[in-house]
Structures are given as structure tokens and as C-alpha cells.
1. Only one of (1) touching a helix residue (DSSP H, G or I) at 6+ places or on another chain (Cβ under 7 Å); (2) free of Cβ contacts under 8 Å to residues at least 12 places away in the same chain is not met by LEU196, so which one is it?
2. Within region 88-108, count every residue that is within 10 Å of the ligand (Cβ to nearest atom) and more than 28 Å from THR392 (Cα to Cα).
3. List pairs: first residue in region 11-24 and among the β-branched types (Val, Ile, Thr), second residue within 11 Å of the ligand (Cβ to nearest atom) and modelled with pLDDT of 95 or more anywhere in the structure, Cβ distance under 7 angstrom, at least six positions apart or on different chains.
4. Report those helices (runs of 4 or more DSSP H) wholly inside region 1-87 carrying at least 2 residues which are touching a strand residue (DSSP E or B) at 6+ places or on another chain (Cβ under 8 Å) and near the ligand (Cβ under 10 Å from one of its atoms).
5. Taking the options VAL330, VAL317, name whichever one is in contact with a His (Cβ under 8 Å, 6 or more places away or on another chain) and either assigned by TED's automatic domain parsing to the domain that holds LEU100 or not hydroxyl-bearing (Ser, Thr, Tyr) (or both).
6. Can you name every residue in region 324-353 that is over 19 Å from GLU306 (Cα atoms), open to solvent by less than 40 Å² (accessible area, probe 1.4 Å) and out of contact with any strand residue (DSSP E or B) (no Cβ under 8 Å at 6 or more places or on another chain)?
7. Quick one: what pairs do we get from region 350-364, first residue free of Cβ contacts under 8 Å to residues at least 60 places away in the same chain, second surrounded by fewer than 14 Cβ atoms within 10 Å (Cβ to Cβ), C-beta under 7 Å, 6+ apart or different chains?
8. Quick one: which of ILE298, ILE241, ILE271 is without any contact (Cβ under 8 Å) to a residue 12 or more places away in the chain and in contact with a strand residue (DSSP E or B) (Cβ under 9 Å, 6 or more places away or on another chain)?
Amino acid sequence: MKVVIVGGGFAGINLAKRLANKKEIEVLLVDKHNYHLFAPLLYQVATSFIEASNISYPFRKMLQGRKNTRFYHGALQEVKPEENIIVTDHGTISYDVLVLALGTVTNYFGLESLEKNSMPMKTIDDALRIRNHMLVNMEKVTRETDEKEREKLMNIVITGGGPTGVELAGMIAEMGKHIVKKDYPELTSVRGNVYLVSSGEELLGSMSETASTEAMHHLTKLGVHVKSGVAVKDCIDSKVILSNGEELPTQTHIWAAGVTACPVPGLPEDILGRGKRIQVDGFNKVKGTHNIYAIGDISLMTADEEYPEGHPQLAQVAIQQGSLLAKNLVSITKNEEMKPFAYSNKGSMAIISKYRAVVDLPKFSFTGYFAWLTWLMIHIFPLAGFTNKVKTIVNWMMSFFTNDPSLRLILRDKAELR
Ligand SMILES: Cc1cc2nc3c(=O)[nH]c(=O)nc-3n(C[C@H](O)[C@H](O)[C@H](O)COP(=O)(O)OP(=O)(O)OC[C@H]3O[C@@H](n4cnc5c(N)ncnc54)[C@H](O)[C@@H]3O)c2cc1C
């Protein structure tokens, strides 16, 4: 049985690894990147705390020694279910079983100027672009004499009150506190502001009240201006325009406010549900198909009794769906019954500032230093590769103890920098 997995994120790579060396199954992992990305730590790349290579790992290295598994570097363009083939930018691939694990893309809710003038935070490229943009702007500030222009260059607006927005805002505020005065001694009289805009009244709305309160309290203490209960209407002419009429002058608007499922041309529109996610049954089989499955963020399963509205788009859901589907595909080859998916919630967490995090476990929540240590452990261990774990720990220790990471290099081509 030839299983083609499109997307090697948390869902796809777990499925591929668990199908390794299963005799009856031939596996082809297709991805538009040649590396697996650990997205939860992207914001640390964007803020120069760790290297891009600490959180990304080549698929070919991950799949070494797995005799039944191959990697194909290509982007999915279309699925042709009636012919059992997919079309990629490099050619056509046939399958017996197709697994769609393409995740999500940034959602700008149809606002073109917002998309054009904001920076998303979904990929390594996005994180590096943010890093370069902020560093270039700081150099511009040192040369700029007009106060208003200086303000626009130094102000940073982050939209999205979820973990990504909160983590970024906390980290950038810390950098402003510890690093700016060391690296830019000429900027004694200039102050920039970090704004965090959230359409919900609470930050970390999907987490507990303890987590929300702690995030609001500590970000405010760090000097972050939290604008909650207001939406961003547009980003144009170097300002972010809010729904209450307020305008925030800035050249840096980071958009961490929403995602939508990755589009898959060739599948009928009516199988899409909330967030354009592909509707699947309790075994992750795409509705109306017999040999196509969808797992992870791209899928919408309402058959799990505990989650009738679908699962949250989290790494743990993706990992667990990938693992179970591997077992179920093996069951198919043995003519055995498949097991339906039931999500086991292991909790959620977010880092707020140096030495402070919030952790929600299924039965209780905790915050502070111990939460930060827990966060650190949970985020280091899943990193692919022993060297990556060690390098990340070293980078982190240096950054945290010295308050002075040394990765602040402007590496992009001038043409790419706005
Ligand atoms: C900045 C950020 C921080 C996050 N923090 C957390 C956190 O702290 N905790 C948590 O649980 N979750 C977090 N998440 C969410 C978590 O990363 C996702 O839930 C998880 O990655 C979903 O896994 P997936 O396999 O479905 O998709 P992904 O991990 O997104 O993988 C999709 C894969 O598909 C590939 N792909 C996409 N399009 C194509 C194409 N056309 N052709 C071929 N390949 C394609 C991509 O290259 C990628 O490898 C975060 C997400 C982001 C962006």
C-alpha cells in the first residue's frame, strides 16, 4: 500500500515516523520545505534569541534508516481523487492512500492593505524577516533626526492576544529594556512603545482566567500597552488603525491574529467546515472519500464526543492524530478494525516574560518561575535531534543570563527589506 503524506509538520512527521519499516506500507512524505519546523519557538528566532536551525530539522536526516520511507521536495498544487494522483510543482505522484497534513496559512480576513503592510509569524522566513526588519529599523532610528519618523521606526504593534502575540510582546519588551541601551547608546532620548492589540477582552482567551490575568498583569508591568476589546481595521501609511478610531504610528505591524486551513484545490468545496478546515470522520477520513485522510490543523473532526465543535489547533492534537492514523493504516493492511480518535488533553502553556510563564493542566493552573521551568522542559525535549537540544539550551542560557544574545545580524538582501 503506497501512502503519500503531504505536509511534514507535527501531524505528518509523526505519521511517517510511526509507519517506518512497516513491511506492507510504502511511505512518501511530500513537503514544500525540506525541513520540519517546531513553530512554538518561532518567536525566539524573530527576537534573535535562538538560531533558525535550532527549531528546524531536515526531513532527510529525520528519516534516515527508514527503509520504506522516501522524501519528495515539492508543493502540492492539486488533488485528483478520481485518478488517485496529486499534482505538485515538480510533477505528478500516484497514491493508494493520501494523507493531507498541510496545516494552516495566515488569515487576513480579506483585508488587502493589511496583508501588504503587516508581517505574519508562521514560518522560519517570517521570523527571519521580522528579525531583520526590526534590526534595520533600529539602525534607521540612529540616523533619523525627525522625532515623528523616529517614533514610527521604534514603535512595534503586535496584533493577536493568543500565545504567539503575548510571547512576542513580552520578549520584545524585555529586549527594549535590556538590550537597546547597550547596543544603541546614541538613543538615550528616544523611547519606543510596544502595543499588543487583542479583539477579545482577555489575553490568552483560550486559556484559564489565571493565565489571562497573569499575562495582562505582567505585560503591563513590562511596559507593553495592551489594547484589548478592539480590532485592527487596517494598516496603511505607517499606522495601524483600530476599530475605536485610535491610530498607532508604526513601521512594524506583526500580525498574529488568525489562521485558516491551507487550501487544497481539487477537493469539493462542500467538505470544508469552520475555518475552511476539511471535515473528517472519527478516523480522520475525509468526508465523501474512501482513501483520503486529513490530520492536524487542516482537519475538522466533530465525532470526538468531548470536542463536538472540533479540536483546538494545537501541536498535541496533530501529534496524536498522526500517531493513531499510523496504527489505523497498519490495521487496514491486516484487515483489522480501526480505532476512532479521542483527544487526550495534556494542557497548554505560554511564556510571558523572562522567568514567568502560565501553565494550564487539565485539572489546575499555575504561573511564575516554576511554570517557566515547566515550559522550558516541554519545549526543549520535543526539538528534533540531540545537537539541536544542546545548542538551544546553550543559546538560551547565554541569552538569559547575559541579557545580551549575539544573534542580532542583519542577513537579508537589501531588496527584501522594507
Ligand atoms: C508561531 C506559532 C506558535 C505556536 N505555538 C504553539 C504552542 O505553543 N503550542 C501548541 O500546541 N501549538 C502551537 N502552535 C500551533 C502548532 O504549531 C500547530 O497546531 C501544529 O503545527 C499543527 O501541525 P500540522 O502538522 O497540522 O501543521 P504544520 O505543523 O503547520 O505543518 C504543515 C506542513 O505542511 C507543509 N505544507 C504546507 N503547504 C504545503 C504544500 N502546498 N505542499 C507541500 N507541503 C506543504 C508545511 O511546510 C509544513 O511542514 C503554534 C503555531 C505558530 C505558527
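The values are calculated or read from the model by the stated rules, or taken from the named source; none is laboratory data. All values derive from a computational prediction rather than experimental measurement. As a convention, Cβ positions derive from the backbone with ideal geometry for all residues, glycine included, and neighbour counts pool all protein chains shown. What goes into the accessible areas is simple: the full protein's heavy atoms, side chains included, and nothing from ligands, DNA or RNA. Shrake-Rupley method; radii C 1.70, N 1.55, O 1.52, S 1.80 Å.
1. The single condition LEU196 does not satisfy is (2).
2. We begin by selecting, within region 88-108, every residue within 10 Å of the ligand (Cβ to nearest atom); these are 88-89, 100-106.
Okay, now just the ones that are also more than 28 Å from THR392 (Cα to Cα), so 88-89, 100.
Qualifying residue count for the region: 3.
3. Between residues of region 11-24 that are among the β-branched types (Val, Ile, Thr) and residues that are within 11 Å of the ligand (Cβ to nearest atom) and modelled with pLDDT of 95 or more, the close pairs are ILE13/HIS36.
4. 10-18
5. Among VAL330, VAL317, only VAL317 is in contact with a His (Cβ under 8 Å, 6 or more places away or on another chain) and either assigned by TED's automatic domain parsing to the domain that holds LEU100 or not hydroxyl-bearing (Ser, Thr, Tyr) (or both).
6. ALA326, ASN328, VAL330, SER331, SER353
7. TYR355/TYR369
8. On the way: ILE298 fails: without any contact (Cβ under 8 Å) to a residue 12 or more places away in the chain; ILE271 fails: without any contact (Cβ under 8 Å) to a residue 12 or more places away in the chain.
Criteria check complete, one pass: ILE241.
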